[in-house]
1. Across the range 156-179, what is the total count of residues that are buried (at least 19 other Cβ atoms within 10 Å of the Cβ) and either small (Gly, Ala, Ser) or more than 23 Å from Ala308 (Cβ to Cβ) (or both)?
2. Report yes if Ser215 is polar (S, T, N, Q) and in the same structural domain as Leu377 (by TED's automatic domain parsing), otherwise no.
3. Kindly indicate whether any position in the range 267-277 is touching a helix residue (DSSP H, G or I) at 6+ places or on another chain (Cβ under 6 Å) and outside any helix (DSSP H, G or I).
4. Of the conditions (1) at pLDDT below 95; (2) outside any helix (DSSP H, G or I), Ala207 fails just one. Which one is it?
5. Return the pairs, sorted by first residue and then second, in which the second residue is of a type in the set (Lys, Arg), the first residue lies in the range 1-30 and is in contact (Cβ under 8 Å) with a residue 24 or more places away in the chain, the beta carbons are less than 8 Å apart, and the residues are 6+ apart or on different chains.
6. Do any strands (runs of 3 or more DSSP E) entirely within the range 28-134 hold 2 or more residues that are crowded, with 22+ Cβ neighbours inside 10 Å, and if so, which?
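The values are calculated or read from the model by the stated rules, or taken from the named source; none is laboratory data. No experiment lies behind these values; they were computed from the predicted model shown. With ideal geometry, Cβ positions are generated from the backbone for all residues, glycine too; neighbour counts draw on all protein chains shown.
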Amino acid sequence: MHPKRNRHPVNAWLTRHAFEMYRLLANLVTIQSGTRNKPGVDRVCQVIRVEMEAMGFLCQTLVQTDYGNHLVARYPGTAPEKKPVLITGHMDTVFPADTDFTTYFEDEIRCFGPGTADMKGGLVVGISALKALIETGCPDIPPIVFVFNSDEEIGSPSSRQLILDLARESGMGFVLEEGGRLGEIVVARKGNLSVQIDVEGEAGHAAFAGLEKASAVLELAHKTIAIEALHRPDQGVCANVGMVTGGIGPNTVAPHARAAVDFRFSTDADKTRLAAALEPITANPVLSRTRTTMTRISQRPAMPETPAVRALFAEIETMGRQLGVPVAPEQRQGVSDANIIALAGIPVIDGLGPIGGNDHSPEEYILKQSLVDRTLLFADILTRCQPPTLS
């Protein structure tokens, strides 16, 4: 074992309390909390509130109507004059309320269950790191604002502004999504834009349709090809028409059609160019007597790897090496609430949760030891990292 790790008071705490961490994980995982299952997400929220209040956090439950409630937990730390550290983690999962995937189990190496990786394991890392620091009497705990939100899996529609406002008041941010399989933590993420395209045409009997038929399906096919032409992965831009529906039968000219489209981009300048290219595709019909509307469903800004983020990662890399918890930088393709925090202009590191895989599937898991290792690392991050000052 690395000498620094062996002497670290949190390491000794983890040795004594690891079983409690797995028990908390099992408790959270076995509460079904798909985003649309408000009662289930609210149960998770209440379990976490009890944990945080027992540590001395001041907790505020933000009641929601359409989604689960959010929880904001605040702790003054030992230097309350400093800007707080913002931590975020979501309580919802992608699995619907009627799923059969609701059980938690372990073997010698892994923990399995819905949300183990995405991201109830990360919630346990954050809660346990703070509990260890408080119970071992650490003298260097910064002010903490910990946001547990309920709607990340659908784009954080009701928590986006909350997270952004709190980020603007904070010195730096940490997000506890799962770590990469080789220990990666996230220093950059692409942004995304999800839109719905609706095309209206004119119905008619297919047998009598002329060359100028106003088929919504055909019009959407033209638009699909034009949108897919924007796909430039070599330039960091992805465009994908992922789902199409339309028409009322094979012998009827389709009066309507719909497509769900997802865009990914590395910079917000790329997003601006995508939006400019998309506007004429949707505004200008190929077929006469067809009409198209576009609705934005969700969007997150890009999370760039800034000099401040690189400096923060360098600190964390050193800590990990000293503790025997190796980390590597990752520019992750997907989005998270870290994208929102980055919009506030503060450095943010993501992927600090346990190492896992197969998330969003019935084979979702985390590596058991990584739950302990990442808790130790995160405790060190909270007490040693300072917001980078760059000249």
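1. The qualifying residues number 8.
2. Against the criterion (polar (S, T, N, Q) and in the same structural domain as Leu377 (by TED's automatic domain parsing)), Ser215 does not qualify.
3. no
4. (2)
5. Close Cβ pairs (under 8 Å, with a partner that is of a type in the set (Lys, Arg)) amount to Asn11/Arg5; His17/Lys131; Tyr22/Lys368; Leu25/Lys120; Leu28/Lys120; Val29/Lys120.
6. Of the strands (runs of 3 or more DSSP E) lying wholly inside the range 28-134, those with at least 2 residues that are crowded, with 22+ Cβ neighbours inside 10 Å span 70-75, 85-90.
Conditions tested, residue by residue: (1) at pLDDT 95 or above; (2) in the same structural domain as Ser170 (by TED's automatic domain parsing); (3) over 23 Å from the mean Cα position of the chain (by Cα).
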site: Gly236; (1), (2), (3): no, no, no
site: Ala254; (1), (2), (3): yes, no, yes
site: Phe265; (1), (2), (3): yes, no, no
site: Ala283; (1), (2), (3): yes, no, yes
site: Ala308; (1), (2), (3): yes, yes, no
site: Phe313; (1), (2), (3): yes, yes, no
site: Ile316; (1), (2), (3): yes, yes, no
site: Asp337; (1), (2), (3): yes, yes, no
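Conditions tested, residue by residue: (1) touching a Ser or Thr at 6+ places or on another chain (Cβ under 6 Å); (2) under 30 Å from Gln386 (Cβ atoms); (3) among the basic types (Lys, Arg).
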residue	(1), (2), (3)
Glu108	no, no, no
Thr116	no, no, no
Ser128	yes, yes, no
Ala132	no, yes, no
Ile141	yes, yes, no
Gly183	no, yes, no
Lys213	no, no, yes
